[in-house]
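Data first, discussion second: the structure below is written as structure tokens.
The values are calculated or read from the model by the stated rules, or taken from the named source; none is laboratory data. Please read all numbers here as calculations on a predicted model, not as lab measurements. Cβ atoms come from the backbone with ideal geometry, glycine included; neighbour counts cover every protein chain shown. Keep in mind that these areas ignore ligands, DNA and RNA; they rest on the heavy atoms of the full protein, side chains included. Shrake-Rupley method; radii C 1.70, N 1.55, O 1.52, S 1.80 Å.
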Amino acid sequence: MVQELVFQGDPTSWKIMDSNCGKYDFSVLCRHCDNECSDAVPCQLTGTLPEWLKGQLIYNGPGLTKVGKNEFCHAFDASALLQKFEISNGMVKYSSRFVRSKTYEQNQAAGTITRAEFGTPAPASKGMFSRLLDAMDPEKMFSDNALVSVIGIGEHHFAMCETPFMLQINPDNLDTKERINVNKRYGLMTQSPHPIVASDGVYTVGQGVGVTGPKYNILRFPLDGNLKEGKIVASVPARWRLSPAYMHSMAMTENYAVLIEQPLAVSLSELLSDIVSNAPFIAGLKWHNEPVLIHIVDRKTWKQVKTRYVADPFFFMHIANAYEDGEHIVLDVPTYKDSSILHNMFINTLREQRGKNTQDYVDSFKSTLHRFVIPLNTKGKDKLITLPGTSCTASWSGNEILLQREKLTQIPLENPCINPKKRALKHQYLWAMGPDPNGGDSGFVMKLDIASGEKFMFMEDNIYCAAPEFVAKPEATNEDDGVILLQCINSQDENKAYLLVLNASDMTEICRASVTTASAVPMPLHGHYIPVTGQ
């Protein structure tokens, strides 16, 4: 067996041990929830909620894995399910609703799957000519199944996915209110489901098509949430004229926007071929064995800086944070060696691997938290990185600057979050989650002190952790003064759900809200906390 350094027991101790593929059940991503819980159910509390903690924690993710006798093929295809924990007056209530997308309504009316999804081909009843006609209209080509995230813009809240649709929801009852097509309004064919809230607006990035080929368009919405007043502020040409990169997230500092053009790209020629052969969209994603290209866009002029930055190939989905430090941009991002994780999330594969967890399969889910330091104003400098306390390097390679990254922790982790007040500023702490590094039947959520390397971890048998959300205490002065909220599920009881409230400083448990539902509880993807007004 391959030897590897893993986290073992006490967060301060480390051991070299044989790699253990373990018992972690990745198929919790494709649990089938056939009944929503529209009437809020009181949760049983263990511990005491902080008096100041009042709000709604809403998660989004896959829920309904089949319609009638037909099952979706990929975990990212299942109909979106919103799950909410309402925290009020020392009590917690749980509820869930399916997002009423147009696709969901059509599927329910027909009693079957009616259109293609990320990993599910179009129904066999649709002929090639019909599929080609649909491809001419993004309204028909793309599903609006918004299952990735929930975000807030002003007083409005939206369920989002990577296709060009935003579905406004009512956080009080989880009703779906309005459907916004950002392709019709702004020409985007895709969008990041992780917009960034800045002082002058809310930013996202998506693929657009211009006369010279695909572009990455940065779209800014006003802070009041009026989506009709959005504006494309910058466009960056794709380096491959017929293959724009898959871009799930972007980053932003005080003065710059950062776009990571990774090797995984959408092959437009393959996509057309897939439409003819009725292959799913994932079949049109192709890995270019070439360096990552990092684009830096000046927020004052919204022009791309002339310097080209490259790094060794990697795949990524989420970015922890980016900030400026002197004449550098610091970028923290969990990276994978390639994009095989996406192909290993087909529902049949998730179920076949249950109880087996082959080495290659488990390794595909392991990401490494890396730091990149991007030097600015490099003209005439021999040493490009002068930032103390980092092992990151940068060197000229022809007319490009080659970036060498620094590993921040040995523990594979994902869905990092920081104190929102530190967004685009230098942060010391981040929180993230993942499967048990020792291969056990549990997940973990962890706090990492990037400056010292100190770690605090919460982990419990059979408890799988969703993406954490940091909530600061009122009038907090320290960066980690607050709580971590997260939904958890039980690997041995699919009808149980939990809300954990942890001390963000040392990850000790403050309170737990437990509920048993009438239907299976799937693992959600991303959460969003909405505090009571005035908190």
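Looking only at residues in the range 200-226 that are outside any strand (DSSP E or B) and either over 30 Å from Glu86 (Cβ atoms) or touching a strand residue (DSSP E or B) at 6+ places or on another chain (Cβ under 7 Å) (or both), which one is most open to solvent (accessible area, probe 1.4 Å)?
Val211
Residues in the range 204-235 that are within 15 Å of Arg185 (Cβ to Cβ) and among the aromatic types (Phe, Trp, Tyr): 1 in all.
Can you tell me which residue in the range 255-294 is modelled with the lowest pLDDT, limited to those that are in contact with a Gly (Cβ under 7 Å, 6 or more places away or on another chain) and of a type outside the set (A, V, I, L, M)?
Of the range 255-294, the ones in contact with a Gly (Cβ under 7 Å, 6 or more places away or on another chain) are 266-267, 270-271, 274, 280, 282.
Still in the list and also of a type outside the set (A, V, I, L, M): 267, 270, 274, 280.
Details: Ser267: 85, Glu270: 75, Asp274: 68, Pro280: 87.
Among them, the one singled out is Asp274.
Checked against (1) under 18 Å from Pro214 (Cβ atoms); (2) among the charged types (D, E, K, R); (3) free of Cβ contacts under 8 Å to residues at least 40 places away in the same chain, Lys286 passes all but a single condition, namely (3).
Filtering Asp363, Asp325, Asp312 for residues that are of a type in the set (D, E, K, R) and either at pLDDT below 95 or open to solvent by less than 20 Å² (accessible area, probe 1.4 Å) (or both) leaves a single hit, Asp363.
Of all residues in the range 281-306, those satisfying the criterion of being out of contact with any Lys or Arg (no Cβ under 9 Å at 6 or more places or on another chain) and farther than 21 Å from Met189 by Cβ are Asn289, Pro291, Val292, Ile296, Asp298, Arg299, Lys300, Thr301, Lys303, Val305, Lys306. Where strands (runs of 3 or more DSSP E) fall wholly inside the range 386-473, the ranges with 2 or more residues that are open to solvent by less than 10 Å² (accessible area, probe 1.4 Å) are 400-404, 429-435, 443-449, 463-465.
Return the residues of the range 289-306 that are assigned to a loop (DSSP other than H, G, I, E, B), crowded, with 17+ Cβ neighbours inside 10 Å and either touching a Leu at 6+ places or on another chain (Cβ under 9 Å) or in contact (Cβ under 8 Å) with a residue 60 or more places away in the chain (or both); say none if nothing qualifies.
The first filter runs over the range 289-306 and keeps only residues assigned to a loop (DSSP other than H, G, I, E, B), leaving 289-291, 299-302, 305-306.
Add one more test, that the residue is crowded, with 17+ Cβ neighbours inside 10 Å, and what stays is 291, 299.
If the condition is that a residue be assigned to a loop (DSSP other than H, G, I, E, B), crowded, with 17+ Cβ neighbours inside 10 Å and either touching a Leu at 6+ places or on another chain (Cβ under 9 Å) or in contact (Cβ under 8 Å) with a residue 60 or more places away in the chain (or both), then Pro291 is the only one that fits.
Being of a type in the set (S, T, N, Q) and closer than 19 Å to Asp436 by Cβ is the filter; apply it to the range 487-531 and report the residue that is surrounded by the most Cβ atoms within 10 Å (Cβ to Cβ). Taking the candidates together, the pick is Gln487. Scanning the range 92-110 for residues that are open to solvent by less than 10 Å² (accessible area, probe 1.4 Å) and over 25 Å from the mean Cα position of the chain (by Cα) yields Val92, Asn107.
Among the criteria (1) under 22 Å from the mean Cα position of the chain (by Cα); (2) open to solvent by 40 Å² or more (accessible area, probe 1.4 Å), the one Ile484 does not fulfil is (2). Considering only the range 256-269, I want to know if a residue exists there that is touching an Asp or Glu at 6+ places or on another chain (Cβ under 8 Å) and open to solvent by 10 Å² or more (accessible area, probe 1.4 Å). There is at least one residue in the range 256-269 that is touching an Asp or Glu at 6+ places or on another chain (Cβ under 8 Å) and open to solvent by 10 Å² or more (accessible area, probe 1.4 Å). Put simply, of Leu188, Leu174 the only residue that is over 16 Å from the mean Cα position of the chain (by Cα), under 26 Å from Lys93 (Cβ atoms) and surrounded by 17 or more Cβ atoms within 10 Å (Cβ to Cβ) is Leu174.
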